[in-house]
Amino acid sequence: MRRLVPAMLAMFALVGCTAQGSQDDGDPAGSNRPTKDSEAAKGSYTYRLPIAAYSYTDAEYASIAAAEHMLARTCMARFSLTYQPPPPNPPQPSADRRYGLSDEKSAALFGYRMDPSEAPKQPPQLDADVRAVLYGKREDASVPAEYRGQKVPENGCLGQAQSDLRKDYSDPDGAEAASRISSQSYEQSMQLPEVQAGFSSWSACMQENGYTYASPRDPFAAQEFREGPVTEREKATAGADVACKRRTGLLDVWFTEESKLQTAMIAKDRQLLQKLQDVHRQKVAAAEAILAKG
């Protein structure tokens, strides 16, 4: 959904089950995000939504990523290059922002900004030849098309490995359905009377604390909370934001109402989504078979 939802909604998007990197053509090898069985996900509204059942688990993502790197290692060996796959990245706690801020600690430390530690980790330093063959033109269009007389895959050995593993397990229709449900349920939930009432209660609470906002999305649009260093004013606003959500019960109301919408939407696309789950299982099985071969 991060690609499919309008920019202003992106920070409230369901990270785990849409067309960017989870349903049919994800990039687990480069993914740090928590999936639905991680400790981070257990306290997350996002990963408890019904549509999250159609994403991979942490263990599944780890298997797919490890298999991709193993295939890449085999490809690199054809160029007489040694590639040592990196250790798997453990799931990182990630702020759940589908309904705006929801974590007191994050609000107190970073205001409306993301925790800097959640930024993608830099890949390990690699020899220039290894890097050129591993990544190909996916990172640098000037990379030569050949290495010592052998043609390098356009997206490198890693890109080729990812393509090889996913090509038989692509389900764009299922991915589109999951993405659409996640996006539409969010947008429609904001129009429900119960959620609108929650917004009003939250807004009144914020007003009591000296802040004028009609919706929990509004503070994110403030330029002062997007640029420059995080100020004490921003932290105070963010703290009041979360406190008012807790006081009014907005988070639970919003989650409950959106869950109802998603349940109804999922029922209409049950066959598509079931196929998506089946494709997931098949891809995970293929990854585990690759790992078993060593």
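The values are calculated or read from the model by the stated rules, or taken from the named source; none is laboratory data. Model, not experiment: these values are computed from the prediction. Because the Cβ atoms are built from the backbone with ideal geometry, glycine has one as well, and the counts that use them run over all protein chains shown.
Remarks
- Any hit, region 205-213, residues being under 30 Å from residue 154 (Cα atoms), out of contact with any His (no Cβ under 8 Å at 6 or more places or on another chain) and among the polar types (S, T, N, Q): no
- Annotation note: of 78, 113, the sole residue that is modelled with pLDDT of 95 or more and farther than 30 Å from residue 232 by Cα is 78.
- For region 127-143, a residue qualifies if it is touching a helix residue (DSSP H, G or I) at 6+ places or on another chain (Cβ under 7 Å) and part of a loop (DSSP other than H, G, I, E, B), and exactly one does: 143.
- Lone qualifier among 256, 248, 237, 212 - being touching a Cys at 6+ places or on another chain (Cβ under 7 Å) and either crowded, with 20+ Cβ neighbours inside 10 Å or among the hydroxyl-bearing types (Ser, Thr, Tyr) (or both): 248
- Taken residue by residue, region 145-166 has at least one member that is small (Gly, Ala, Ser), assigned to a loop (DSSP other than H, G, I, E, B) and in contact with a strand residue (DSSP E or B) (Cβ under 8 Å, 6 or more places away or on another chain).
- Residues of region 149-161 include none that is surrounded by fewer than 17 Cβ atoms within 10 Å (Cβ to Cβ), under 30 Å from residue 100 (Cβ atoms) and either at pLDDT below 95 or within 28 Å of the chain's Cα centre (by Cα) (or both).
- Any hit, region 223-235, residues being at pLDDT 95 or above, in a helix (DSSP H, G or I), within 23 Å of the chain's Cα centre (by Cα) and farther than 20 Å from residue 188 by Cβ: yes
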